[in-house]
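The structure under discussion appears below in the form of structure tokens.
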Amino acid sequence: MTTSDQTPIGSGFGAKSSASEVMAGIDLSGKTAIVTGGYSGIGLETTKALVAAGADVTVPVRNKEKADKNLSEAGLNVKTISMDLGDLVSVQNFASEFAGSHDKLHLLINNAGIMACPETRVGSGWEAQFATNHIGHFLLTVELAPYLKNANGARVVCLSSLAHKRSPIRFEDVHFTKGEYEKWEAYGQSKTANALFARALNKRGANDGVKAFSVHPGGIFTPLQRHLEQEEMIAMGWLDENGEMPEAVKAIFKTPDQGCSTTLWCATSAKLEARGGEYCEDCDISELVTDDAARFTGVMPWACDDEAAEKLWTVTEAMIAEA
């Protein structure tokens, strides 16, 4: 296990830093970027910030009508290509089409995801949250690896979550085929997978100038909550009995603009040139925690475990090969 690298470095930014603050003075002209889920929520804010900095951004879209509407309303003229992370052929087709017009990829933002959905099966009977949040992004990144290498200094940012604290990787039953399905445990496992994938990817990309980081964007109300009933959010304390956000929650939660700032920091900060593989939050590297005392911050050891990261890589490759 390697956890000693989970030490904050003092970025100069904080939990409520905005995208414009993080991106001030950064010029991405001539750089190419892909943002999965880049047409809604914090993904859309990420796309806006990268475009404003001069990047050539491509957005994979599962719902073209929604994507076109949201991107148009945001005043963005970016290339979109069809892709469904739950369909591996679709992921491969996206990578092939992107390669037809690009020879380099400087920034890959693995932002899209689903959260706490009812039990759903995709692909080879895979649990949908693990498949969408992890397997689809794993394959996308592997397919795009030659273009990341060609960039001579690429970064990959994988959107994890505080919810990783809910579960390590359930290697004995990843897809909930033996035991009862629990949506939050499934989501937590998928977010641990995102953090471990960044570690293993960073190790593999070291000789090719490819760095990877995982990110907890913070508590944000976005379309990610679409599977949650209001009663459940009240029970969790996110809303009061009137359906309003309590002041204490407002103090913790971020706007979508603030929510994308850690992603942007990981993608562009010069302070991370000598780093890689870390789990980050609030525009800095997160501290390691070993219990639930720090409920809303920090990263658990199981999301920084290099042995687990390597095992997950091998297991994921096997799942894809058998699909």
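The values are calculated or read from the model by the stated rules, or taken from the named source; none is laboratory data. Everything numeric in this text was worked out from a predicted model, so none of it was measured. All Cβ positions, even for glycine, are placed from backbone atoms using ideal geometry, and neighbour counts span all protein chains on display.
Filtering the range 168-191 to residues that are surrounded by fewer than 21 Cβ atoms within 10 Å (Cβ to Cβ), assigned to a loop (DSSP other than H, G, I, E, B), touching an Asp or Glu at 6+ places or on another chain (Cβ under 9 Å) and touching a residue at least 12 places away in the same chain (Cβ under 8 Å) leaves 168, 170, 175, 176, 177, 181. Scanning the range 92-111 for residues that are closer than 13 Å to residue 139 by Cβ and crowded, with 16+ Cβ neighbours inside 10 Å gives 93, 94, 95, 108, 110.
Residues in the range 183-219 that are of a type in the set (Gly, Ala, Ser) and closer than 17 Å to residue 139 by Cα: 190, 193, 195, 198, 200, 205, 212, 214.
Of the residues 46, 36, only one is among the polar types (S, T, N, Q), crowded, with 24+ Cβ neighbours inside 10 Å, within 19 Å of residue 97 (Cβ to Cβ) and modelled with pLDDT of 95 or more; which? When all the criteria are applied, what remains is 36. Of all residues in the range 102-116, those that are closer than 21 Å to residue 184 by Cβ have Cβ atoms under 9 Å from Cβ atoms of residues that are of a type in the set (D, E, K, R) and assigned to a loop (DSSP other than H, G, I, E, B), 6 or more apart or on another chain, in 112/62. Residue 151 meets the stated requirement of being of a type in the set (A, V, I, L, M), under 30 Å from residue 28 (Cα atoms) and surrounded by fewer than 24 Cβ atoms within 10 Å (Cβ to Cβ).
Give me a count of the residues in the range 110-128 that are of a type in the set (S, T, N, Q) and assigned to a strand (DSSP E or B).
If we filter the range 110-128 for residues that are of a type in the set (S, T, N, Q), which is where we start, we get 110-111, 120, 124.
Filter once more, keeping what is assigned to a strand (DSSP E or B): 110.
The total comes to 1.
Contact annotation: residue pairs with Cβ atoms under 6 Å, 6 or more positions apart or on different chains, pairing a residue in the range 53-66 that is in the same structural domain as residue 265 (by TED's automatic domain parsing) with a partner that is in a strand (DSSP E or B) and among the β-branched types (Val, Ile, Thr), are 56/32; 58/34; 59/35; 59/80; 60/81; 61/80. Can you say whether residue 180 is acidic (Asp, Glu), in contact with a Lys or Arg (Cβ under 9 Å, 6 or more places away or on another chain), modelled with pLDDT of 90 or more and in the same structural domain as residue 311 (by TED's automatic domain parsing), as far as the supplied structure shows? For residue 180, the condition - acidic (Asp, Glu), in contact with a Lys or Arg (Cβ under 9 Å, 6 or more places away or on another chain), modelled with pLDDT of 90 or more and in the same structural domain as residue 311 (by TED's automatic domain parsing) - is not met. For residue 16, the stated conditions hold: it is touching a helix residue (DSSP H, G or I) at 6+ places or on another chain (Cβ under 7 Å), within 18 Å of residue 259 (Cα to Cα) and basic (Lys, Arg).
Residues that are farther than 20 Å from residue 136 by Cα and either at pLDDT 95 or above or under 20 Å from the mean Cα position of the chain (by Cα) (or both) within the range 67-78 comprise 68, 69, 70, 71, 72, 73, 74, 75, 76, 78, listed in sequence order.
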